[in-house]
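Trainee: Okay, handing you the structure first.
Values quoted throughout were computed directly from the atomic coordinates according to the rules given, and no laboratory measurement underlies them. Owing to the predicted nature of the structure, the values given are computational and were not obtained by experimental measurement. Glycine gets a Cβ as well: all are built from the backbone with ideal geometry, and neighbour counts include every protein chain shown.
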Amino acid sequence: MSFTDQLVLWLHIGFAIFTIGPVTLAISSTPRYIRKRDIAILRYLTRITAIFTIGSLLVLILGIVLGQLDHDFSHPWLTAAMTLFIVAIVLLALIIRDQRRAIKALTPPGAGEASPDTAAERASQDSDQPAGSVSPASLGPATLAEHIASVERGRIAAMGGVVNLIWLVVLALMVWQP
């Protein structure tokens, strides 16, 4: 392995450690702070998630460069790992969206956020309620905010678990190259 190959490999591993670790921690911590209704920490976790999601793209880019240098693109495990990585990035984008929705739902109306009536209208437009269920728009402003935050908390927890599982599968593919 040449010096360039080793350098790209070490950068790939370094970016994986220092970007995927913090984004995993941020998405795993978000549901707890939604439940506590701590908006300041939620904003911080959303910022961390966004920054380290963008940073984790460097892991993918360096992996592609490394695959190009070693001519490894014919291996199916590499294609599977890159595909899973892209799925994880898409899920992280959805998690960031849900974090922002939870922040909007928990922000008091007097803090520069829309009025409760506007929040009720937004929730009725954004909700994906099955037929026959209670409409969130019929709830009071406080109950509506709790409902929206609860839905987003569940979505973030579920998608975060899937993203974490994807990271483990990608790691297994990288270490035990079948």
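Trainee: Would you tally the net charge around Q177, using a Cβ to Cβ cut-off of less than 14 Å, leaving Q177 out, and scoring K and R as +1, D and E as -1?
Mentor: Local charge sum for Q177: -2.
Trainee: For Q177 paired with L165, estimate the spin-label separation in nm (one decimal), with each label point 7 Å from Cα along the Cα-to-Cβ line.
Mentor: The answer from the label model is 2.7 nm.
Trainee: May I pose another question? Please report the net charge: other residues with Cβ closer than 14 Å to the Cβ of L9, K and R +1, D and E -1.
Mentor: It works out to a net charge of -3.
Trainee: Then there's this: Which ordering of K104, K36 is given by a fewest-first count of other beta-carbon atoms within 10 Å?
Mentor: Final ranking by Cβ density, sparse to dense: K36, K104.
Trainee: For every other residue with a beta carbon closer than 9 angstrom to the beta carbon of D98, add +1 if it is Lys or Arg and -1 if Asp or Glu, then tell me the sum.
Mentor: Residues near D98 contribute +4 overall.
Trainee: Taking other Cβ within 10 Å of each residue's Cβ, how do Y44, Y33 sort, fewest first?
Mentor: If I rank by nearby Cβ atoms, fewest first, I get Y44, Y33.
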